[in-house]
Amino acid sequence: MEDTRSRQVVIAGAGVAGLTAALAFSERGYLVRLFEQAPRLEAAGAGIQLSPNATRILRQLGVLDRLLPAAVRPEAVVLKDAATLRELARVPLGEAAERRWQAPYLVAHRADLQDALMARLAERPDISLVTGARVGGIATGPRHATATVEIAGKTVEAGGFLLIGADGVWSAIRAFGGFSAKSRFSGELAWRATISAGSVAGEALAAVGAANCVTTFLHPGFHLVAYPVSNGTAFNLAAFTRGEIIAERWSGHADPNILLGAMRGTAAALARLAEDAGPWTAWPIHTVDQAQPWTTPAGIALIGDAAHAMTPFAAQGAAMAIE
Ligand SMILES: Cc1cc2nc3c(=O)[nH]c(=O)nc-3n(C[C@H](O)[C@H](O)[C@H](O)COP(=O)(O)OP(=O)(O)OC[C@H]3O[C@@H](n4cnc5c(N)ncnc54)[C@H](O)[C@@H]3O)c2cc1C
């Protein structure tokens with residue numbers, strides 16, 4: 001009789017990478033046990049860009065149709081000079097992108113992507129998701145790997161032919177598995193705010209021509225990316241400055257004067273927008289050295305940010321986690 005472990009995959013972390021991997025393995029007939037340390041998968045984060053390399057996969061996995069009602073198809077990526085607001089470059093998206101890459105370029109709230117992945121997961125009886133379950137150790141044997149999982153003060157073991165660390169940039173599996181890659185602070189802070197389209201800041205953003213596009217305002221030592229999310233009812237703003245390490249988490253507190261100082265010399269309309277859009281959440285950007293191996297012969301693999309967390313400047317973090 002076939003050992004169940006030879007058909008079973010264990011995944012640590014139910015972020016974008018873990019949820020997508022669970023669906024992909026289940027499509028191929030594997031049993032999946034997915035463990036997430038957070039007590040609940042709550043709406044977290046802000047905007048995420050999903051280029052066609054990612055949406056094509058979401059379509060194959062039956063997730064795209066669930067995401068489309070909440071996502072936005074931007075008309076273009078537009079680069080503007082933050083001081084003069086002059087347009088510097090424009091890459092058409094929308095229909096043009098879809099014709100070219102046979103899949104849409106989307107922007108969405110991270111929570112909407114997570115909801116769409118979860119809705120598809122709920123239809124797959126071969127995936128078991130346990131929240132409040134932290135993978136606290138691993139062991140490997142011939143042709144199998146076992147995770148030690150802490151759930152409500154108890155410890156359980158879950159084994160499979162493959163153990164996947166989808167546990168993000170500060171991955172525990174990376175350390176337990178003996179991988180040499182480490183995360184490091186990039187020296188950059190991302191400042192995030194979500195504003196409603198009808199707010200003063202939302203109207204100011206539309207007035208500088210950024211309503212239906214992914215617009216980047218460029219300035220020495222600072223840039224601001226803005227795009228619509230939640231079916232166009234809100235905008236995601238992400239500004240980037242140099243900064244000190246403030247936390248090893250997705251959000252922390254940093255002095256807003258760092259942001260306002262970095263915007264010195266930008267157009268008055270943008271500076272006002274930054275004041276109206278607050279409070280800003282600071283996000284210290286950490287990366288992982290991508291040149292190191294992501295798999296071991298003992299059946300451990302790292303995916304997503306655990307393997308290759310990157311700065312968000314090419315907007316590929318979520319897309320790479322999906323791929
Ligand atoms: C709360 C949060 C908010 C974010 N906000 C944004 C945003 O606004 N914009 C943006 O572009 N990107 C955001 N990101 C990052 C973005 O989701 C990732 O860069 C990208 O999608 C790669 O995803 P990932 O699944 O590899 O990693 P993550 O999205 O980091 O997912 C890792 C998951 O593993 C879980 N985990 C960690 N350790 C363990 C363990 N030992 N056992 C079990 N589970 C564990 C974590 O709780 C988390 O759910 C956010 C991530 C998080 C976790």
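Backbone phi angles across segment 154-170, fed through the Karplus curve with coefficients 6.51, -1.76 and 1.60 (θ = phi - 60°), yield HN-Hα couplings of 10, 10, 10, 10, 9, x, x, 6, 9, 10, 10, x, 10, 9, x, 4, 9 Hz in residue order; Gly and Pro are listed as x. From the alpha carbon centroid of segment 271-309 to that of segment 99-171 is 17 Å.
For the chain, the Kirkwood estimate of hydrodynamic radius, built from reciprocal distances between every pair of different alpha carbons, is 20.7 Å.
The GluC sites (Glu not before Pro) found in segment 7-66 that occupy coil by DSSP, while having at most 12 further C-beta atoms within 10 Å, are Glu42.
For segment 186-285, the solvent-accessible area of protein heavy atoms averages 43 Å² per residue (probe radius 1.4 Å; ligands and nucleic acids excluded).
Taking only protein heavy atoms and a 1.4 Å probe, the accessible area of segment 1-132 is 50% carbon and sulfur.
From helices alone, the chain scores -7000 deg cm²/dmol at 222 nm; the rule is -39500 (n - 2.57) for each run of n ≥ 4 DSSP H residues, then divide by the residue total. Across the chain, the mean sequence separation of Cα contacts (distance under 8 Å, 6 or more residues apart), normalised by length, yields a relative contact order of 24 percent. Remark: segment 42-151 carries 47 Å² of accessible area per residue (probe radius 1.4 Å; ligands, DNA and RNA excluded).
The modelled label-to-label distance between Arg134 and Thr311, using points 7 Å beyond Cα along the C-beta direction, is 3.2 nm. Extension gain for Glu27-Ala175 works out to 50.3 nm (0.36 nm per residue, less the C-alpha to C-alpha distance).
Considering all different alpha carbon pairs of segment 182-320, the Kirkwood hydrodynamic radius works out to 16.2 Å.
Extending 7 Å from Cα along the Cβ direction at Val156 and again at Arg272 yields two label points whose distance is 5.7 nm. Overall, the accessible surface of segment 186-285 at a probe of 1.4 angstrom is composed of carbon and sulfur to the extent of 54 percent.
For segment 205-288, trypsin sites (Lys or Arg not before Pro) are listed when DSSP marks them as loop and at most 13 other Cβ atoms sit within 10 Å of their Cβ; the list is Arg249, Arg264.
Sparse packing (at most 14 other Cβ atoms within 10 Å of the Cβ) combined with a DSSP loop state is found for the following GluC sites (Glu not before Pro) in segment 173-265: Glu244, Glu248.
Among residues other than Leu88 with Cβ under 12 Å from its Cβ, the summed charge is +1 (Lys and Arg +1, Asp and Glu -1).
The values are calculated or read from the model by the stated rules, or taken from the named source; none is laboratory data. On a predicted model such as this, the values are computed, not experimentally measured, just so you know. No Cβ is skipped: glycine too gets one built from the backbone with ideal geometry, and neighbour counts run over all protein chains shown. What goes into the accessible areas is simple: the full protein's heavy atoms, side chains included, and nothing from ligands, DNA or RNA. Shrake-Rupley method; radii C 1.70, N 1.55, O 1.52, S 1.80 Å.
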